[in-house]
Amino acid sequence: METYKVKLSKCYKALIAAAVLTLTTPAFAQYQTTAYRASILHFVDDPAVSQTPYEYYEDGVLVVGTDGKVKAVGPANTVLNNYPYIQVVDYSGKILMPGFIDSHVHYPQTEMIASFGEQLLDWLNTYTFPTEQQFSNKTYAKSVAKTFINELVRNGTTTALVFGTVSPNSVDALFEEAQTRNMRLIAGKVMMDRNAPDYLLDTPASSYTDSKALIQKWHKNGRALYAVTPRFAPTSTPEQLAKAGQLLREFPDVYMHTHLSENKAEIAWVQSLFPSSTGYLDVYNSFGLSRNRSVYAHGVHLRDDEFQSLAQTGAAIAFCPTSNMFLGSGLFNLQKAEQYGVKVGLGTDVGAGTSFNALQTMNEAYKMTQLRKAFVDDPSTVNPLKAIKAYYLATLGAARALSLENQVGSFKIGNEADFVVINPNATDLLKFRMQKTNTIEDKLFVLQMLGDDRAIQNTYVMGKKQTVNGYGSGYYQYTYN
Ligand code: GUN
Ligand code: FE
């Protein structure tokens with residue numbers, strides 16, 4: 001009996017040792033990781049400054065570890081040789097790229113997208129403020145946050161810089177919803193203490209206290225990041241802008257998110273409210289609001305010295321073409337931003353923007369550069385936006401604008417594996433037109449002009465496939481629902 005016991009315990013030990021050995025061998029580790037095979041595109045630099053801004057592998061593989069991070073990317077043959085036992089998900093014929101990044105969007109405005117007839121200031125009073133009032137109700141806010149996050153997923157957007165409303169409940173609702181998908185989201189409570197209906201106003205003191213509590217609760221909680229969010233200069237007193245500056249000094253690694261130089265009437269109003277300032281940007285600068293991780297939406301009517309100032313401080317612009325067209329705000333000068341070296345990301349600005357879809361946003365960005373030719377003395381000085389630059393602005397460019405390039409926006413080894421699988425033949429017309437394309441740059445341009453949510457086949461967050469109402473993408477939702 002004794003001997004038998006000894007033998008049994010020896011046997012167990014041997015089994016455990018074998019299991020440990022198996023679990024720690026490289027071959028077993030590879031069973032845990034996944035390879036995605038597709039045409040793979042990602043950016044390594046800005047096309048404005050680099051001759052080789054992107055990597056493209058027509059038959060490529062992206063390897064994602066169990067930690068949801070990028071382990072390898074490259075030609076399929078080479079990469080798969082290094083991972084002989086890996087599980088392969090085959091997306092051959094599809095384009096796989098980093099998830100899109102929306103560098104400016106208002107989630108509470110999801111329900112008022114496409115509201116007719118007004119330009120910025122009247123649009124705010126007529127549609128926006130009454131809509132945002134409802135978000136003090138947490139249950140209401142949660143239901144809209146869910147719809148909003150679903151729209152991001154259906155459109156291949158995996159990170160966004162998001163406005164809440166003045167109510168802290170709106171921010172809790174959004175972050176809670178984003179956390180169910182482990183999404184990297186940046187958001188904040190609006191600070192607004194004048195020139196809006198009473199029901200939406202806070203005070204310098206309450207906006208400081210509420211923002212601080214939200215920073216402590218959410219900033220770096222999982223993948224969540226916080227943005228101090230004064231709505232725009234006209235709706236904050238100097239005292240409140242000073243409080244925003246104080247928050248940035250006390251919490252140096254949070255974001256600052258606001259609007260700048262969007263509309264001509266708005267700019268004139270700012271000058272009358274801040275008569276001693278030398279311009280719109282100077283108002284924000286004088287309260288210490290411009291630095292890395294400061295993101296200004298629009299910048300449509302910036303002067304040269306303001307572009308220069310943005311480049312010097314490290315603040316970024318969110319370029320929101322569908323919104324600028326929809327509200328008739330004007331034509332952003334992307335070339336000037338490039339000349340001055342200002343960081344720019346693409347934004348949808350829903351609900352003034354008319355689409356959650358990055359392809360559609362790039363479509364209008366292209367048209368805006370074409371339209372600019374009609375408004376300059378020498379049209380030959382305006383270059384139409386190249387597809388390759390547009391996709392950069394929606395991925396690595398936006399990641400850089402948000403100082404997130406070491407987390408998302410490209411397939412750099414160690415980055416978080418947020419990515420989108422795009423079907424370049426998603427519609428009959430796309431399929432027909434794609435036959436006449438040769439280069440990847442041709443294909444990308446056609447996709448940007450003709451593609452929409454139907455082309456978004458799948459969206460992955462930290463290596464995890466996302467579904468909306470049980471479906472993997474917008475396309476299949478429409479086709480099979
Ligand atoms: N300026 C101040 N608030 C807003 C807003 O909600 N949307 C846009 N587009 N511009 C703004
Ligand atoms: Fe906006």
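The values are calculated or read from the model by the stated rules, or taken from the named source; none is laboratory data. The shown structure was predicted, so the numbers you read here are calculated from the model rather than taken from an experiment. As a convention, Cβ positions derive from the backbone with ideal geometry for all residues, glycine included, and neighbour counts pool all protein chains shown.
Whether a residue is within 16 Å of ligand 1 (Cβ to nearest atom) and either closer than 15 Å to residue 291 by Cα or modelled with pLDDT of 95 or more (or both) was assessed, and residue 221 does not pass this test.
Out of the residues in segment 211-262 that are of a type in the set (Val, Ile, Thr) and under 22 Å from the mean Cα position of the chain (by Cα), state the one that is nearest to ligand 2 (Cβ to nearest atom).
Selected residue: 258.
Condition check: modelled with pLDDT under 95 and of a type in the set (A, V, I, L, M). Does residue 6 satisfy that? Criteria met by residue 6. Scanning segment 255-287 for residues that are of a type in the set (S, T, N, Q), touching a residue at least 12 places away in the same chain (Cβ under 8 Å) and in a loop (DSSP other than H, G, I, E, B) turns up 261, 263.
Residues in segment 349-370 that are more than 15 Å from ligand 2 (Cβ to nearest atom) and either touching a His at 6+ places or on another chain (Cβ under 6 Å) or in contact (Cβ under 8 Å) with a residue 60 or more places away in the chain (or both): 357, 358, 359, 360, 362, 363, 366. If you check 244, 213 for being more than 30 Å from residue 417 (Cβ to Cβ), away from ligand 1 (no atom under 16 Å from the Cβ), assigned by TED's automatic domain parsing to the domain that holds residue 284 and not acidic (Asp, Glu), only one passes: 213. When residue 268 is tested against (1) under 20 Å from residue 124 (Cα atoms); (2) of a type outside the set (Asp, Glu); (3) within 16 Å of ligand 2 (Cβ to nearest atom), exactly one condition is not met: (3).
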